[in-house]
Each structure stands twice: as structure tokens, then as C-alpha cells.
Amino acid sequence: MALEAIDTFQTELDVAIQSCLNEPNLTIQKIQQQLGPLFADKSDAKKTQFEIAMGKHMLSLLEYDGNSEEYIMQARKRLEFILYCTDEGYCEEVLPLAAFEDLVDWQPIEVSMKLFEFFEKHKRRLLKGLTPNKGKGLVLLRLFNNLIRRAPKSNYSHFNGRVLIYLSNAFPLCERSGVNPRGECNSENITFYDETDDDQDYNTFWSLQNLLNNPVKLVESGEVDRALEDMRVVVNKFESACGEEQVVKSERMSMELDREEDAMDIDTDREKRKRDKEEVVVDNVPDKKQKLSDDDEGECEKEAYMHIPKYLPSVKLFEHEMKDAEFRKFILVQFLIILQYIRGCSSSERKFLEGARARIHPRMVPLSMPSISPKQEESIAELWTSITAQLENIPPHGKEFTERILHTLSREKVWIYWKFAQYCPDFSKSQPIPDLSKQFAERSARLCAPLGELPDIDWVVKRREMKNAHKIVKVPSLEECYEALKHHESDQEYIVKRWQTIRAATRNHVLLIHKKIEFGKPGDMDRLIEAVNKNPKGSLEGADENHTASDSIIVNEMGSPEHELDD
């Protein structure tokens, strides 16, 4: 493009973009009307000019207050405009992600959380055509990693979870950037505490946190025995604190019972005056302080639930932390996670993983994992039992909480097998091959096609077997069998024809074969034919009302011709 043409195009593009952004309700028809004539050829040069123009309009957001609703509205409007232009091919597919990255770079994390709703709303359109290892995939990964790094885990754990869920939907589970194939641990979180204090329990507890910071290094350095011993000391400390808590709880309950008994001895008139006085006080409270809506209480509980604290390693707070049930629960779950990792280094677990790897990938390099001794396995099993027992006793819902934790850890073992034994195979199903599916459809159509007109199958009638089709013996009806029975010449012939008559009756009149016929007595066949004539459809209408299903007689019990001949 010539310089004059570029300047002209840039001016017209700025006017068209500003016209679209000024619309109160932005639609795709408006965008096509304004930008369609300018992007008739959709060349790379025009896409570059569009990116430069949108950069200027994104910078214009700096004049708004970042925490205001106007800023959020204008930012979302620009992002939606870019996304519409991406769908129409006016700009590169990576531009919406780059624009969002520029927005969140100069804004606090609270504003980024509000803008992230745009990503969640348009997830399908943003992830269209995403390739993990290039282009849009790399930009998305860099953008979300920066968001997670900026958001403190203690205060924004719910936002980190939203970002991680989005990433799990954007990238396949087997993507190497998310599976940590080497099993490396995040050892940046270091706990600093007062090592000069004389309290042995305090030093043991907080030194254990740094020891468990990197379980891989813990097993390789041979300090498993020390870690298990310190964990046993902490668990015993928790157990004693739990016992003291039960004693205090029982004393508190007894004091409350005594208080209730004393309250019952108070004069009823004084109690009534007291209640009246309380009602007056409550009525005089201003509306602002008197009214605490359920929504406000729910928000307070929600904020308290979402806050994941980082406990302070203060000497003065240590005894209070030991008495805190939530603190003990947090540490005990951490111990279970570490113990499961150490247990995975046992000889039996290693042998199982290596055997599975050999079956799936025979040429794969064996696992370079340190091992633990059988004595250490026994210590781990004892600690595991003690920890789970303590977790079940921590209110509220200790047993249900423990079951969920153990279920989560069991699922974690399945992921370990998928990762180290199967080497992260892809879960997605392969698409059917077009040629094979087309062949299958054509073959099915041929099989389901009609036979055609009768002249097309005349050759079947001309076969020798079909010429003698009239000689095929058909099964006689009940009437024919009964007529043949009347003209029997011997007792043996009567037995055979009687059996054939009964068999013919069972085809359409099996319900009429019951004890009322009195098989085996003279005239039984006449009674059978009479019952059939009364009920030609084979129903039980007009039969004995006391007749039940148990009265029916199985034909085999009536005797076969061979059986009766033997008699």
C-alpha cells in the first residue's frame, strides 16, 4: 500500500471504529456496515492497521477511573468489538487476547477479576482454533500465568480456581505445560520462624514445614525418619490439644446448664419485665444497625470461606493455633498428602509403576526414584491411621470430611499412574476417518435397499428346489389332527394322533388346556374341542372362575407318544 493510501485508510478506519464504539447497542450488522467496505480484500497490511488503530482506542481507556463501572463497561465493549472483528476476519485471531493482556497489565487484580468475566462468557469463540504450542495458545498461557502470579492465593483462591478451570478447558490434559512430567515441587514458599526460641514443640513444628517443602528432596536426602518422628510429635501434640478442647467443651456445657437452671428460678414477673425492656431497646435501634439481611450474612460467610490464611509462625500464637480446630485440620491434611507421596517411593509401588511402564512403553527409561525401607512403611501406616482418626473427631462433619479427603487422595493415585506409568496419554477420541465412514454408509445403503420388482427375482422361481415347493409338508391344524384321531386303526396310532392333537392345540389355545378337560379320561379330546369352539380366540372367557395359572398343564406332563407307548 502507498503512503497516501495508508493514511487515507487509517483515517477512514478510525472514523468507522469510533462510529461503532459510539453505538449504544453494538451489533454485527453495524460492524459489517461500517468496516465491510474497508476490508474487501482482508490483507495482512489492513489487519496490521486495524491492530494499531485499536491500540489507540484501548489507550483512551486511561482517562476513566479503573474502579468505576464506566471503565468496566467501555473495556468490555471494546473487547466485544474486537471479538466481532476477529470473527469477520478483519484482524488476527490473537488480538482479543493481546488487548485483554494490555488492559489487565495496568489495572489492579480486582478490576482484572471483573474483566475476566468476558473470557468466561465468550469462551467458545475465544478458544476456537486454539493450538497449545503456538499462536493463540502461547498468548493465553502467558496471560493466565501472569494473572495467577499476581493474585495472592490467600485472598484470591477462588479467582485462581476460575483461571485454572478455564485453562483446563482450553488445553488438553496431556499438554506437557500442565502435567509437570519431572515431578518438580514448588519450593519457593519458605517459612521463617524464630529459631532461637526454647520451646521444643514450636521449633519442631515450624522446622517441619521447611522440611516438607520439597518431598522429593526429603526422600533423596534420607531425612524421612526425622520427618516421620517430627510428624508423630506434632500429631501427639494435636491429640492432647483435642483432649483439652473436649474437657473445656464439657465444662462450658455444664456451666450453661447451671445458668439455665438459675434462670428458671428467677421470678416470672422480673423475667417478663426484662423481656419487655429488651423489646423496647430493640425497637429503638436505628434501621441501619437493626437490619442485617440474609444476603449480607451470606456474603460475610462467603468471604470467610474463600479466605485461605497463611498462618503466622509467632511464638505467642503457637499455643492458640494448637487449640484451633481448623488449624489442626489444615496441618493434618498436609501430612496425609506428604505421607502418600513418601509411600509412593516404597518398593512395591515402584515395582508396580515400572511393570506398567514396561508393558506400555518397553523402551522407556526406568524411574529414577529413591526408595524407603519396610520399617518406614510401617511408620507411615501407623501415622496414617492416627491422622485419619483425629480428622474424624474434628467437628463439624469430621467423618464426612475425612472420607472426601481420602477419596481425593485415592483419585490422585490414579493420576500418578496415568502420569508416570502411562506417560500422559491423550483422553480425546480420534475423529472417524472420512473415507471409511463414507464406505460404511454406502454399504449400509446397499444392504437396506429393497429387492426390486418381481421380474428381477424370476431366477429364484426357476431353481429346481423352488419347483418342488408345493410338496413341502405343512403343519396340520387342530381340526385336521382331531379328524385324523377319529379314524385311528390301533391303540398305538391313537396315542400318536392324540399327542399331535394336543400339540396343535397348544399353538393358539394353550390357555384352554387346564384340569377341567380331565386329560387321560375318556372323551378328553372331545372336551378339548368343545372348549376351543366356545372360545375360538383362546381366551379364558366362560371358563371356571376358580381356574388359576397353577391349573395349567405343561404339555410334556401329558405324556409324549414314546412315553405312553412304553407304558
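A few comments on the model shown:
- Anisotropy class of the range 185-239 from Cα gyration tensor, a/c 1.5 cut: oblate
- Of the trypsin sites (Lys or Arg not before Pro) found in the range 1-55, those that fall in a DSSP loop while having at most 16 other beta-carbon atoms within 10 Å are 42.
- Distance from the C-alpha centroid of the range 27-58 to that of the range 473-513: 92 Å, rounded to the whole angstrom.
- In terms of distances greater than 30 angstrom between alpha carbons, the cross-link table entries 47/128; 56/121; 123/310; 30/128; 114/419; 56/128 yield 123/310; 114/419.
- For the range 153-251, the extents of the C-alpha atoms along the principal axes are 53, 40, 22 Å, listed from largest to smallest.
- Sorted from greatest to least, the principal axis extents spanned by the alpha carbons of the range 150-207 come out as 52, 29, 17 Å.
- Each principal axis of the range 334-411 carries a Cα extent, and these read 51, 26, 15 Å when sorted largest first.
- Cubic angstrom per residue, convex hull over Cα atoms of the range 3-173: 122
- Taking chymotrypsin sites (Phe, Trp or Tyr not before Pro) across the range 12-84, none is in a DSSP loop with at most 10 further Cβ atoms lying within 10 angstrom of its Cβ.
- Loop trypsin sites (Lys or Arg not before Pro), the range 141-241 (other Cβ atoms within 10 Å of the site Cβ: 11 or fewer; DSSP): 182
No value in this document is a laboratory result; all are computed from the given coordinates. Since the structure is predicted, the reported quantities are computational estimates derived from the model, not experimental observations. Reconstructed Cβ throughout: ideal geometry from the backbone, glycine too, with neighbour counts over all protein chains shown.
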